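Just below is one structure, and these are the notes that go with it.
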Amino acid sequence: MKKFVLLLLVAILAGCASSVVKIEGDHLVQQRLNVKVSDAWNKFPSGGQPFELWTQEGLTLDQLRIWAGIKSGQSLVMASTASSDQKAQRVPTYTAGMAPDQLVNLLEIMYSADGSLVSMDKVEPAPFAGEKGLRIEFSITRKSDDVQLRGVGWMAVRNNELFAASFVAPRLAFFPRLLPRAERVMQSARIAG
């Protein structure tokens, strides 16, 4: 019986691993955003989410999310289905014409939806994807385990579509080590078409 359970576990893990794709070189995110990847990343299935999900060390240790061409009225994340006794989850929804502070608030809503504490530490104008945009630095205290995370977000709007990315990792070891890799990818970003 133990051998059967072990074989079943190995088969399940092998199935999960096969859906992870190694990303390197030139890559087109969601057919809309060109990036150059010098340090290979692992792309995980997004599970129907409107972003690509990448990691260097594993999804619990670092996450790079990339959105390409979010249209007005579209959410940055798909809402989880809550049972009837649970409070409805706030969903960050992009609307054309949003002011910069409203764009920043989209990240805050997204990362605090699970009850985590989020503080926006710095917002500054910065080019992103070849457009005038924003660079946002933020901090998160993750509700599930009280881990202190740091994050950086990049946003730009072109033709009323939102192009954005965010990188989040534990603040002490992973964030300072992996942020330069995320920055290199985002500095190379250019909107296709």
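Odds and ends about this structure:
- Rounded to the nearest 20, the Cβ-based charge dipole of region 79-193 about its Cα centre (Lys and Arg +1, Asp and Glu -1) stands at 340 debye.
- Couplings for region 183-193, taken from phi via the Karplus curve 6.51 cos²θ - 1.76 cosθ + 1.60 with θ = phi - 60°, read 4, 4, 5, 5, 5, 7, 5, 9, 6, 7, x Hz in order; Gly and Pro are left as x.
- Over all other residues within a Cβ to Cβ distance under 15 Å of ILE23, the charged ones net out to 0, with Lys and Arg as +1 and Asp and Glu as -1.
- Rounded tilt (10° steps) of 2-18 against the dominant C-alpha axis of the chain: 20 degrees
- Contact order for the chain, expressed relative to its length and based on alpha carbon pairs under 8 Å spaced 6+ residues apart, stands at 20 percent.
- Selected from VAL185, GLY97, ALA156, residue furthest toward positive end of dipole (region 75-193; charges at beta carbon): VAL185
- Largest GNM mean-square fluctuation across LEU64, LEU117, LEU172, computed for the chain with C-alpha springs under 10 Å, falls on LEU172.
- Projected label points at ALA113 and ALA40, each 7 Å from Cα along the beta carbon direction, are separated by 3.1 nanometres.
- Percent of alpha-carbon pairs separated by more than 27 Å within the chain: 31 percent
- In sequence order, region 53-58 has phi-based couplings of 10, 10, 8, 9, 10, x Hz under the Karplus curve 6.51 cos²θ - 1.76 cosθ + 1.60, θ = phi - 60°, and Gly or Pro positions carry x.
- Using 0.36 nm per residue and subtracting the Cα-Cα separation, the extra length available between GLU57 and GLU24 on full extension is 10.4 nm.
- Given +1 at the Cβ of Lys and Arg, -1 at the Cβ of Asp and Glu and no other charges, the dipole of the chain around its Cα centre is 340 debye to the nearest 20.
Only the coordinates and a few stated rules stand behind these numbers; no lab work does. Please read these numbers as outputs of a predicted model, since none were measured by experiment. Using ideal geometry, Cβ is built from the backbone for each residue, glycine included, and neighbour counts are taken over all protein chains shown.
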